[in-house]
1. Just the residues that are polar (S, T, N, Q), in a helix (DSSP H, G or I) and modelled with pLDDT under 95, please, taken from the range 1-15.
2. Confirm whether ILE33 is out of contact with any Lys or Arg (no Cβ under 7 Å at 6 or more places or on another chain), part of a loop (DSSP other than H, G, I, E, B) and surrounded by 13 or more Cβ atoms within 10 Å (Cβ to Cβ).
Amino acid sequence: MIQDTVLTTDELLLVTGYERDGDLKRLFDQQGIKWFPGKGGRPWTTIALINQAGGLFPTGQSVRALGPDDV
């Protein structure tokens, strides 16, 4: 599925306009995007993880809001 597509560091740098891996890692952390260190510590992630950080979920999945009774 496209949602499981891995995005490499080079692809992510190109799309974001950043030039350094550290800037990319900082962006991920600020945006709540889960990333993983690859060879040499270079970050990679997936489209699904980016979507999840943005509040988007695959078709058929939903997130239930917590209410006062859930605490």
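The values are calculated or read from the model by the stated rules, or taken from the named source; none is laboratory data. Just so we're clear, the structure is a prediction, and the values are computed from it rather than from any experiment. Cβ coordinates were reconstructed from backbone atoms using ideal geometry, including for glycine residues, and neighbour counts include every protein chain displayed.
1. GLN3
2. Taking the combined requirement at face value, the residue satisfies it.
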